[in-house]
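> Can you keep this structure in mind? I'll have questions shortly.
The values are calculated or read from the model by the stated rules, or taken from the named source; none is laboratory data. Predicted, not measured: the structure shown is a model, and the values here were computed from it. Cβ sites come from the backbone with ideal geometry, for glycine too, and all protein chains shown count toward neighbours.
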Amino acid sequence: MRVISCLLGSLIALSSIAQSIDRQKLVRRHIVHNKTYDSLSSLSVGNGRFAFTADITGMQTYPEAYAGGVPLGTQSQWGWHSFRDTTGYRFSETLQYYALNGRQVPYSVQVKEPARNRNAVEWFRQNPHRLQLGAIGLEIKKKDGTAAQLTDIHDIDQQLDPWTGEIHSRFSVEDVPVDVTTYCHQEQDIISFRISSSLMQQGRLRLRIRFPYPNGEFKDAGTGWLETGHRTELQTSSFGAVIKHSLDSTDYYVQLRSGEMAELVKKKANEFSLLPKTGDMFSISFRFAQKNDRSPLPGFEETAADSRQRWQDFWVSGGAVDLSGTTDPRAVELERRIVLSQYLTKIQCAGDYPPQETGLTYNSWFGKPHLEMHWWHGIHFALWGRPQLLERSMSWYEKVSAEAKNISERQGYKGVRWQKMTDHAGKESPSSIGAFLIWQQPHFIYFAELLYRENKDLATIRKYSKLVFASADFMASFAYYDKQKKKYVLGKGVIPAQERFKALDTYNPAYELAYWHWALSVAQQWRQRLKMPADPAWARVITELSPLAIQDGKYLFTESATDSYTNPEYRTDHPSVLGALGMLPQTPLVNKVYMRRTFDWIWQNWNWHKTWGWDFPMTAMTAARLGMPDKAIDALLMPVQTNTYLNNGHNYQDQRLTLYLPGNGGLLAAVAMMCAGFDGSGGDHPGFPKNWVVRYEGLRKMP
C-alpha cells in the first residue's frame, strides 16, 4: 500500500510505515440508505451471473412503480428467448453492399426497403433477447381487505450493505411492522428472503410470484403480465416446489424451498401465491435454472452465510482506495462512487459473457452486449487486482470466433472481425452504426496484455495468442494502402467511437489510428515472447500507418472531417480523440503538445450535456497523462446529467438509460490509473492533485 499526504505544500510519502486500509470501515462508510420511495433508488443483489433488483419492500412488490426508474429485474446470463419466426427470415436479407476502396463490401445494416428486408432487420435485432425471469414480491392486505398500495408503505428504513451483500428493509402497513432481509447466493442463481411480521399470522401477508412475457422492445422492464403466449406448470421435488415456465421454445425452472410450512397456489395462468402457515417468521429460497436442478437447494441461512463470506473475500482482495483524509469536499462523493461502482460491476458485469450496458437489471438494446463497451465494463477488474473477473468472459471470444471469422471472410478480410452488437452465441445484429465501428477490434489484444502483465507467464501467452494474432490479422488487412499517400488508411467505411460521422465519407479517425498502432505493436511483442519472427504484414502497417491529422496545432477528430472545430455537430457525443492519449499510452503517432491543445479546446467548447457516462473518466485519463491532475478530478466530478451517480451508485444517463454500467467501470479504470500510474508515469498517484490525501493498495499500473 502507498499513502500520500500533503503538509504545507510538501509531499510526504509514508509507504514504508503506513497501516493497511481498514476495508470494512471503508466499504461500510457507503452503505446505501433509503428512507422514502424513489423509483431510481432500487437496490440489487447478485453474483455477476445473476442479479435481483428490489424495491423498498426488499422484494419486487411494486414493479410498475419502478418501470420508469431503475426497474426491478431478475436476470441471468443464460436467460435468453426468441419469438417464433413464422416467416423464415434470412440474415442475408440484412446485408447491403457498399463500394469501398475499389470493391463491394457487404455490411449488415438497418435497411429500409423493401419491406421484407426491413422486417428481417427488426427480427434479427429483436431476437434473441434477454429474459426477465420473474417477479417475486409481497401481497399485503389492509384491514379492510384491499391490497396495500405503494402509498400505504410507511416508516421506510432500508439499507444495502455492500460488505455482506445484504438488503435489509423495514417498513410498516397500518402501523404493523414488516422486516425483510434479502441475499443472493454467490455461486448459484439463488435469491433468499427472511420475512418477519405479525401480518402473516393474520393471513394478510403472502408472497406473489409472477412471470412476465417479453415485450421485444429496446427496453424491457419486465412488467408484461400477459396470460397468453406462455404458460407455467407447478411441479414438486424432494426439497420443495418447482415452477416450469415455458415461452415458445424456451423453458426454465424456478425451484422453491421454505424453512416453514406454506401453501403455494396457482392464481392465474402465470401467477402464483404463497401463503406462510406458521408464526410471524418465514424464510424461503428461489433458484432460477435452465434445467430442473435436482441438487439440494440452499436455504436462507446457507445463502446468507455464503453471501457474507464471499463478499468479504471480494473486498479484502484486490485494490482499495481511501480518500477519507482529503479536505476537498468532493472526495467523499468520489469515494462513494468508487465503492459502489465496485459492488455494482461485481454483481452486474463479472459473468462468463460480455454484459449489456444495463447489466442484469433490465434490457436495453434488447439485452444484447456491445463489444466496444466491454473495455469499459471489464479492464478495471484487472487494474484493481481482480483479473480473474475479467478472465471469466475472455473464453467467450473463443466460442464466438467462428462467427467473427465469418464476418471477416464475408467482407474480404483476414482473421476475425469482432462483432459489435451481439448475443451470447456471437450472432451479429444489424446496425447502420455498429456495423461500421472498429474500435472494439483491438480490445481483445488489450485484455490479453493486461492478463499477461499480471503474471508475465508463457501460459497466458499460449492461452490467448491465437485470438491476439487473429485480431491483428484483421486489423492489418483492414488497413487500406493508399499508393498516392504511401500510407495505410483506416476507411472509408468507418464510423469512429464518436458516432457523429458518416461511414462512407470517413477515414482515419484519430483514436482508432492510435489504437491500431498500439495493438499491432503489442501483437508483435506477443510473437517475440513466443520466439516467433515479426509478422511482415503487421510490420508494414505499423511503419506506414497514416499519422493523426493536425489542424492549427490540434488533432482533427478524423482526417476526413476538416471541419472538426467549426461544425457544432462534432462537439457532441464522445470526444474520442482524447482516447488516443488517455485510454491508450503514448504511441509514436501522438504528440503531447498537440494533444494538450486538443484537450484545452474540447474542455472549453464541448457540449458536455450531450455526452455519455464513460466520456468523463476518459477525459480524466487524458488529463492525467498530460500532467493535469486537477482537471482529472474536475472531469470525474463534472456536474452534468450523464455524470450523475444515483443513491444506489448507478450512473444515470436519461429516462431510457437510467443506469449505465460503462460509466461505473470507466470510473474505476480511471481511478486505478490516477493512483497506480500508467506506462511512462513517475511517482505516486500521478492523476490526483497534491493536496489530496490518497491511500491505495492492490492497484495495477495501466498500459
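> Output the residues belonging to the stretch 236-288 that are among the hydroxyl-bearing types (Ser, Thr, Tyr) and not in a strand (DSSP E or B).
Step one: filter the stretch 236-288 for residues among the hydroxyl-bearing types (Ser, Thr, Tyr), giving 236-238, 246, 249-250, 252-253, 258, 273, 278, 283, 285.
Matches in the stretch 236-288: Ser237, Ser238, Ser249, Thr278.
> Give me the residue from the stretch 203-234 that is β-branched (Val, Ile, Thr) and in a loop (DSSP other than H, G, I, E, B) and, out of that set, nearest to Ala67 (Cα to Cα). Break it down into steps so the answer makes sense when it comes.
From the stretch 203-234, those β-branched (Val, Ile, Thr) are 209, 223, 228, 232; that's our starting set.
Now restrict to residues that are in a loop (DSSP other than H, G, I, E, B): 223, 228.
Numbers: Thr223: 7, Thr228: 22 Å.
Restricting to residues being β-branched (Val, Ile, Thr) and in a loop (DSSP other than H, G, I, E, B), the top hit is Thr223.
To keep it simple, each residue is scored yes or no on (1) under 30 Å from Tyr696 (Cβ atoms); (2) touching a helix residue (DSSP H, G or I) at 6+ places or on another chain (Cβ under 6 Å).
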{"residue": "Lys291", "(1), (2)": "no, no"}
{"residue": "Pro296", "(1), (2)": "no, no"}
{"residue": "Ala305", "(1), (2)": "no, no"}
{"residue": "Ser317", "(1), (2)": "yes, no"}
{"residue": "Ala320", "(1), (2)": "yes, yes"}
{"residue": "Gly325", "(1), (2)": "yes, no"}
{"residue": "Pro329", "(1), (2)": "yes, no"}
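> Could you check how many residues of the stretch 94-131 are part of a loop (DSSP other than H, G, I, E, B) and of a type in the set (Gly, Ala, Ser)?
Of all residues in the stretch 94-131, those part of a loop (DSSP other than H, G, I, E, B) come to 101-102, 109-114, 127-128, 131.
Cutting the leftovers down to of a type in the set (Gly, Ala, Ser) gives us 102.
The qualifying residues number 1.
> If we scan the stretch 665-678, do we find a residue that is in contact (Cβ under 8 Å) with a residue 12 or more places away in the chain, over 25 Å from Leu389 (Cα atoms) and touching a His at 6+ places or on another chain (Cβ under 8 Å)?
Filtering the stretch 665-678 down to residues in contact (Cβ under 8 Å) with a residue 12 or more places away in the chain leaves 665-678.
Pick out the ones that are also over 25 Å from Leu389 (Cα atoms) and you get none.
So far as the stretch 665-678 goes, no, none of its residues is in contact (Cβ under 8 Å) with a residue 12 or more places away in the chain, over 25 Å from Leu389 (Cα atoms) and touching a His at 6+ places or on another chain (Cβ under 8 Å).
> If we keep just the residues of the stretch 632-664 that are without any contact (Cβ under 8 Å) to a residue 24 or more places away in the chain and in a loop (DSSP other than H, G, I, E, B), which is nearest to Gly359 (Cα to Cα)?
My answer is Asp654.
> Considering only the stretch 363-459, give the helices (runs of 4 or more DSSP H) lying wholly within it that have at least 3 residues that are crowded, with 23+ Cβ neighbours inside 10 Å.
Values: elements: 374-383, 387-399, 401-410, 443-455.
In the stretch 363-459, the matching helices (runs of 4 or more DSSP H) lie at 374-383, 387-399, 443-455.
> Within the stretch 326-342, identify whether any single residue is β-branched (Val, Ile, Thr), surrounded by fewer than 21 Cβ atoms within 10 Å (Cβ to Cβ) and part of a loop (DSSP other than H, G, I, E, B), and answer yes or no.
Yes - at least one qualifying residue is present in the stretch 326-342.
> Out of contact with any helix residue (DSSP H, G or I) (no Cβ under 7 Å at 6 or more places or on another chain) and touching a residue at least 24 places away in the same chain (Cβ under 8 Å): which single residue out of Asp157, Asp152 fits that description?
Details: Asp152 fails: touching a residue at least 24 places away in the same chain (Cβ under 8 Å).
Being out of contact with any helix residue (DSSP H, G or I) (no Cβ under 7 Å at 6 or more places or on another chain) and touching a residue at least 24 places away in the same chain (Cβ under 8 Å) holds for just one of Asp157, Asp152, which is Asp157.
> Also: From the list Ser471, Ser429, Ser465, which one is out of contact with any Cys (no Cβ under 6 Å at 6 or more places or on another chain) and over 30 Å from Thr611 (Cβ atoms)? Give the steps one after another, and end with the answer.
Numbers: Ser471 fails: over 30 Å from Thr611 (Cβ atoms); Ser429 fails: over 30 Å from Thr611 (Cβ atoms).
Going through Ser471, Ser429, Ser465 in turn, the sole match is Ser465.
> Give Phe91, Phe52 a once-over and let me know the one that is closer than 18 Å to Asp220 by Cα and either surrounded by fewer than 19 Cβ atoms within 10 Å (Cβ to Cβ) or among the aromatic types (Phe, Trp, Tyr) (or both).
Details: Phe91 fails: closer than 18 Å to Asp220 by Cα.
Exactly one of Phe91, Phe52 is closer than 18 Å to Asp220 by Cα and either surrounded by fewer than 19 Cβ atoms within 10 Å (Cβ to Cβ) or among the aromatic types (Phe, Trp, Tyr) (or both), namely Phe52.
> In the stretch 674-697, how many residues are of a type in the set (Gly, Ala, Ser) and crowded, with 24+ Cβ neighbours inside 10 Å? Break it down stepwise before answering.
Initially, the stretch 674-697 is screened for residues of a type in the set (Gly, Ala, Ser), giving 676-677, 680-683, 687.
Subsequent filtering for residues that are crowded, with 24+ Cβ neighbours inside 10 Å retains 676, 687.
The qualifying residues number 2.
> Quick check on my filter: what residues within the stretch 141-191 are basic (Lys, Arg) and either in a strand (DSSP E or B) or within 22 Å of the chain's Cα centre (by Cα) (or both)? Steps first, please.
Taking the stretch 141-191 as the starting set, the residues that turn out to be basic (Lys, Arg) are 141-143, 170.
Hits for the stretch 141-191 are Lys141, Arg170.
> Select from the stretch 105-129 the residues that are in contact with a Ser or Thr (Cβ under 9 Å, 6 or more places away or on another chain) and basic (Lys, Arg) and list them in ascending order.
The answer is Arg116, Arg125.
Results for (1) at pLDDT 95 or above; (2) surrounded by 13 or more Cβ atoms within 10 Å (Cβ to Cβ); (3) in contact with an Asp or Glu (Cβ under 7 Å, 6 or more places away or on another chain); (4) assigned by TED's automatic domain parsing to the domain that holds Leu160, shown as yes or no for each residue.
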position: Met1; (1), (2), (3), (4): no, yes, yes, no
position: Ile4; (1), (2), (3), (4): no, yes, yes, no
position: Leu8; (1), (2), (3), (4): no, no, no, no
position: Leu14; (1), (2), (3), (4): no, yes, no, no
position: Ala18; (1), (2), (3), (4): no, yes, no, no
position: Leu26; (1), (2), (3), (4): yes, yes, yes, no
position: Ser39; (1), (2), (3), (4): yes, yes, no, yes
position: Leu43; (1), (2), (3), (4): yes, yes, no, yes
position: Gly46; (1), (2), (3), (4): yes, yes, no, yes
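> Moving to a separate point now. Across the stretch 281-303, which residue is surrounded by the fewest Cβ atoms within 10 Å (Cβ to Cβ) among those that are aromatic (Phe, Trp, Tyr) and under 18 Å from Asp179 (Cα atoms)? Don't jump to the end; show me each part of the working.
Pass one, the stretch 281-303, residues aromatic (Phe, Trp, Tyr): 282, 286, 288, 300.
Filter once more, so that each one left must be under 18 Å from Asp179 (Cα atoms): 282, 300.
Working: Phe282: 25, Phe300: 22.
The selected residue is Phe300.
> Now for a different question. Would you mind telling me which numbered condition in (1) in contact with a Lys or Arg (Cβ under 9 Å, 6 or more places away or on another chain); (2) without any contact (Cβ under 8 Å) to a residue 12 or more places away in the chain Ala305 fails?
The failed condition is (1).
> Give the residues of the stretch 533-563 that are of a type in the set (Ser, Thr, Tyr) and either surrounded by fewer than 24 Cβ atoms within 10 Å (Cβ to Cβ) or closer than 21 Å to Ala632 by Cβ (or both), sorted by residue number.
Of everything in the stretch 533-563, those that are of a type in the set (Ser, Thr, Tyr) and either surrounded by fewer than 24 Cβ atoms within 10 Å (Cβ to Cβ) or closer than 21 Å to Ala632 by Cβ (or both) turn out to be Thr543, Ser546, Tyr555, Ser560, Thr562.
> While we're here: Which numbered condition trips up Tyr488, out of (1) within 28 Å of Glu449 (Cβ to Cβ); (2) out of contact with any strand residue (DSSP E or B) (no Cβ under 6 Å at 6 or more places or on another chain); (3) in contact (Cβ under 8 Å) with a residue 24 or more places away in the chain?
(2)
> Criterion first (touching a Pro at 6+ places or on another chain (Cβ under 7 Å), in a helix (DSSP H, G or I) and crowded, with 21+ Cβ neighbours inside 10 Å) does Ala519 satisfy it? Explain how you work it out, then say what you get.
Working: touching a Pro at 6+ places or on another chain (Cβ under 7 Å): yes; in a helix (DSSP H, G or I): yes; crowded, with 21+ Cβ neighbours inside 10 Å: yes.
The answer is yes for Ala519.
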